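Each remark here refers to the structure printed beneath this line.
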Amino acid sequence: MKKNFYKLIFIFTVIISAFQFVACNDIMGYSVLLWNEPEYKLQDGDIVPVYIRSNISSVYVVGVTDEEGEKKIELPLWQLTEPVSKRKVEQSKAKYAEYAHNYAFVKLDGLPCRAEPVNTAKQVYRLRKGEIIKILYKGQGQAVMSGRKALEGDWFRILTSDGTQGWCFSYNLSLFQTDAEGKQIGGDLIQEEIEVDEKQTKIENTIWYPDYFKSLINSGNIDLTRIHPSYNFDIDVENNKVVFNSNTIHKNWQYEGLKKTGDNEYEITNVPITIIYKRADYIVIRYTDESGKPTDYNYVAIEENLQEIVDAEKERRNTAFTKVYEHGPKFASSNYGTLELKSDGSFIWKNFKLLVPSVIPAGTKNVGFFTERYALSKNLKETYDGILTFKFDGLNQEINFLYKLEDGALRIEDATSSEIDGNLVKTRSSSPLILYFKVKVD
């Protein structure tokens, strides 16, 4: 019954939207066309009246005039600027006037389109060789270097045919203009067809990471000693570089090209690497070291932003650290001494002799540093708030305690024999020693 009710509501909404779509004649504003529309003899830079915005269809309904008179047509949202008043639309038009009717032909496959006019800014799009893009306007950006030499060119705000906007450096673009029919005027000859090896394009346009990154991320096991954004394999076609980094390998070479040597195998010219393409998100890198020994490494494409994941893990640790510190910072136990935590991560633990040598080795100093290094598995989170890792001065091993913040107290549990996988504590000790500290008020 409820399902039918929602279905009726949906149909009613569509009918109302369709009625408004057809019946409304009021102009909601005026927009500047950003991409040629030769069918209606419209060029980028033209101003058109906008009647309706449909978020369902992702189109504007605009008015045009041709031999048959005035009519209304639909154009994609990305093809127009936001509708404004008739007075303000002239200001909007002026913004794009200098490069009205200017487009560009992409000369380099995988050319990055960036969020800011800086060569190190985040990539928002990778352009294909032969792709046509719209030049919107020129910006002030950072020089693009090839070694110590600045490349010739300018930073342009560009628009792709699927509506993506970003910044692109013009060194690998061929600019041209178009006439009212959308035909090219000037610039290099544009090839009608370009044969593209989709697998090679995927290899070159993807930053690849060790396959264990994926399993660690999926399990929530963010071990900062093993996951680092710089541990990757990347072919930077723009700057002619190949980078291969891991916790044990740190190599980079000049990139001269990728040669197909089999159905799914590619060799990098003058680089001791063969790439075996397995699928769109998985490759094998066969690296031959200086001794001539080849070794295979499995690498994957990762959709998540690794830097954001690393930053989130650092924030998690910092937040947990702060909560424990602010809960005290001084704690006292009648059996296990006094524990004082300090804001810089150091601690003083006095009179812990009942923990020697079962938990803390004999002769251990009573000072050191504590951290919130590990994360808890899902089942442990139901019982504990986290795990404190104590590193006593002069002691190589770490001492771990699961903990729970309680009203006016801190309960900790020896985790010496807990199962720890990377950064994740999966189980508690089989027969743990539990310590109860009260918050000490000076």
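Taking all protein chains as they are arranged and a probe of 1.4 Å, the heavy atoms of Asp311 leave approximately 80 Å² accessible to solvent. Taking the convex hull of the alpha carbon positions in segment 230-352 and averaging its projected area over all directions gives 12.8 nm².
Cα centroids of segment 249-302 and segment 394-413: how far apart, whole angstrom? After rounding, the separation between the Cα centres reads 46 Å.
Which percent of the accessible heavy-atom area of the chain goes to carbon and sulfur, probe 1.4 angstrom? The value for the chain is 49 percent carbon and sulfur by accessible area. Specify the inter-centroid distance of segment 112-177 and segment 334-372, based on alpha-carbon positions, in whole Å. Between the Cα centres of segment 112-177 and segment 334-372 lies a distance of 57 Å. The Cα-based radius of gyration of the chain, divided by its Kirkwood radius, gives an Rg/Rh of 1.12. Mind running the shape call on segment 289-371? Use the C-alpha gyration tensor, a ≥ b ≥ c as the square roots of the eigenvalues: rounded below 1.5 for a/c, prolate if a/b tops b/c, oblate otherwise. Oblate shape, in that a/c is at least 1.5 and b/c is the bigger or equal ratio. Whole-percent P(r), segment 46-102, all Cα pairs, 10 Å bins from 0: 21, 46, 31, 1. Two numbers describe the Cα atoms of segment 336-442: Rg and Dmax, which are 13.4, 40 Å.
Once the convex hull of all Cα atoms in segment 204-282 is built, its volume per residue stands at 98 Å³.
For the chain, with only Lys/Arg (+1) and Asp/Glu (-1) charged at the beta-carbon, what is the dipole magnitude about the Cα centre, in debye rounded to 20?
1840
Which value in deg cm²/dmol, rounded to the nearest 500, describes the helix-derived mean residue ellipticity at 222 nm for the chain, given -39,500 (n - 2.57) per DSSP H run of n ≥ 4 and division by the residue count? Theoretical 222 nm ellipticity from helices: -5500 deg cm²/dmol. Per residue, segment 344-386 exposes 56 Å² of accessible surface when a 1.4 Å probe is rolled over the protein heavy atoms with every protein chain present. Solvent-accessible area of Arg128, all protein chains in place: 130 Å² (probe radius 1.4 Å, heavy atoms, ligands and nucleic acids excluded).
Quick one: compute a quarter of the convex hull surface over the Cα atoms of segment 157-271 and quote it in nm².
On the way: hull surface 44.4 nm².
Projected over every direction and averaged, the Cα hull of segment 157-271 covers 11.1 nm².
Projecting the Cα atoms of Gly422, Gln254, Tyr231 onto the charge dipole of the chain (Cβ charges, centred on the Cα centre) puts Gly422 farthest toward the positive pole. A P(r) calculated from all alpha carbon pairs of segment 72-181, with 10 Å bins opening at zero, reads 14, 43, 32, 10, 2, 0 percent.
The values are calculated or read from the model by the stated rules, or taken from the named source; none is laboratory data. These figures come from a predicted structure and were not determined experimentally. In this analysis, Cβ positions are derived from the backbone assuming ideal geometry, glycine residues included, and neighbour counts consider all displayed protein chains. The protein model used for the area step is the full one, side chains on, heavy atoms only, and it has no ligands, DNA or RNA in it. Shrake-Rupley method; radii C 1.70, N 1.55, O 1.52, S 1.80 Å.
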